Amino acid sequence: MSSRTPAHRRTFLKAGSTLLLSVIAPMAANAMQILAVRVWPAADYTRVTLENDAELKASHFLVKDPNRMVVDIEGLTLNATLKDLVAKIQTNDPYIKQVRVGQNRPNVVRLVFDLKEEINPQVFSLKPIGDYQHRLVFDLYPANPVDPITALIEKGEWHKDDALTAAMSGNNKNENAANNNNKHDNKAEQKTDKPTSNQQIRMITIALDPGHGGEDPGAIGRAGSREKDVVLAIAKRLKHQLEQEDNMRVMLTRDGDYFVPLQTRVKKARGVQADLFVSIHADAFIEPRARGSSVFVLSEKGASSTAARWLAKKENDADLIGGINLKDQDKQLAGVLLDLSTTAQINDSMKVGKVVLKEISGVNRLHKPAVEQAGFAVLKAPDIPSILIESAFISNPEEEARLTDEAYQNELAEAIVRGIKKYFAKNPPLNRGKIA
Ligand SMILES: [Zn+2]
């Protein structure tokens with residue numbers, strides 16, 4: 001929890017100023033204050049965050065015909081910041097039609113969310129962390145979520161034929177992973193799996209994962225650029241370039257400014273049976289002179305360097321800053337991912353990591369000349385080669401300027417595409433159409 005130091009300092013200062021205030025205006029001492037209200041609409045879910053100087057107690061219930069969610073918050077008096085919530089709901093919010101805010105009883109504020117469809121809400125509080133104080137979070141998930149592949153087709157990003165190929169290809173990923181163990185022995189056999197002119201092209205599915213988003217801005221540069229914006233821009237360019245290839249299609253784990261928990265990113269990639277997972281970041285380092293690009297893969301045995309361990313911890317903290325409902329997460333963790341071996345995955349990830357790093361060295365200097373390893377939570381899909389690219393250090397003013405430069409973003413994306421193409425040319429994905 002070393003990253004909590006600034007929060008403590010801020011909380012301490014805040015406590016000091018509250019104390020001062022209470023001397024001047026004793027009446028205000030006990031009243032809780034909403035400090036900020038944020039809304040993050042997205043197709044996945046809409047989040048509403050209330051940031052407060054103390055923990056808020058809330059209860060909620062759902063009403064049908066028409067769909068509403070009613071929230072009562074205790075110990076609160078309506079203020080201007082909270083009233084602002086009404087204006088912060090956008091007309092194109094996928095789930096919220098409007099919010100009504102009122103003082104329901106003395107000391108109880110009632111929020112009524114008028115909904116566009118039935119939702120499955122998660123309501124939870126988060127303790128102060130990073131630059132945030134206490135947060136009360138409402139995550140409004142659709143009660144009837146659309147299947148991810150259907151959603152991509154509806155958006156016009158994938159074609160029906162692709163979906164058919166994916167569906168027919170079945171679910172023999174385990175066989176795929178097992179085969180990876182003796183890849184050296186079966187090269188000849190793999191070649192026969194390459195599509196001939198008579199066969200349908202085997203689409204290669206790439207999951208691109210722009211780090212952070214929403215409540216989690218990621219690292220922030222000296223000129224104010226936010227990692228979450230820079231990496232989304234790079235990922236979108238990368239997506240566009242990959243889609244120029246006949247045999248490649250792309251799924252973005254997020255395509256807007258909202259937070260996606262680390263586990264969900266992995267789940268999304270598995271949901272579309274991705275052949276490759278590429279997470280894009282642009283972090284800060286303690287040392288502002290630190291510069292250069294790096295590529296990371298998962299480690300089962302500890303990090304390859306102190307810096308790699310530090311960075312993985314920082315990235316894994318995204319869930320704390322972005323905020324997840326731990327109760328819900330525990331339920332999900334009880335599932336499959338944890339105990340599966342990732343040895344074969346790491347071997348494949350190393351291969352793709354090396355070739356991508358080499359291509360990146362043509363457009364930016366490297367932070368380290370080799371692929372590094374550490375326990376990044378987002379790289380833990382046991383059956384998908386997964387790499388994390390630190391495009392550059394946003395904490396280095398010179399690199400911050402490059403990261404926001406369109407020409408550089410394109411060059412970087414081109415380099416990554418070249419690496420990915422070279423990897424798949426040497427390691428064609430197995431034909432999932434054959435069911436063992
Ligand atoms: Zn990051």
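No value in this document is a laboratory result; all are computed from the given coordinates. Worth saying up front: this structure is predicted, and the values here are computed from it rather than measured. All Cβ positions, even for glycine, are placed from backbone atoms using ideal geometry, and neighbour counts span all protein chains on display.
Taking θ as phi - 60° and the Karplus parameters 6.51, -1.76 and 1.60, the scalar couplings of the range 349-364 work out to 4, 4, 4, 5, x, 4, 6, 5, 4, 4, 5, 5, 4, x, 10, 8 Hz in sequence order, x denoting glycine and proline. Hull volume per residue, based on the alpha-carbon atoms of the range 253-324 and their convex hull, is 131 Å³.
Sorted by average packing, counted as other Cβ atoms within 10 angstrom per residue and highest first, what order do 147-158, 37-48 take?
Descending packing order for the listed peptides: 37-48, 147-158.
Here the gap between residue 316 and residue 114, fully extended at 0.36 nm per residue and compared with their Cα-Cα distance, gives a gain of 69.2 nm. Around the amide H of residue 248, modelled in the peptide plane, lie the amide H atoms of 204, all under 5 Å away and 5 or more residues distant in sequence or on another chain.
Dipole magnitude of the range 334-426 about its Cα centre, charges +1 at Lys/Arg Cβ and -1 at Asp/Glu Cβ only, in debye to the nearest 20?
Numbers: 11 positive and 13 negative charges, 106 e Å.
Here the range 334-426 has a charge dipole of around 500 debye.
Global size of the range 90-160: 16.9, 56 Å for Rg and Dmax (C-alpha atoms, Rg to one decimal, Dmax whole). Comparing 285, 320, 252 along the charge dipole axis of the range 204-321, the residue lying farthest to the positive side is 285, per the Cβ-charge model.
Under unit Cβ charges (Lys, Arg +1; Asp, Glu -1), what dipole magnitude, rounded to 20 debye, does the range 217-278 have relative to its Cα centre? For the range 217-278, the charge dipole is close to 280 debye.
Computed about the Cα centre, the dipole magnitude for the range 96-156 is approximately 400 debye when only Lys and Arg (+1) and Asp and Glu (-1) carry charge, each at its Cβ.
A compact globular protein would have a Cα radius of gyration near 2.2 N^0.38 Å; the ratio found for the range 213-280 is 1.19.
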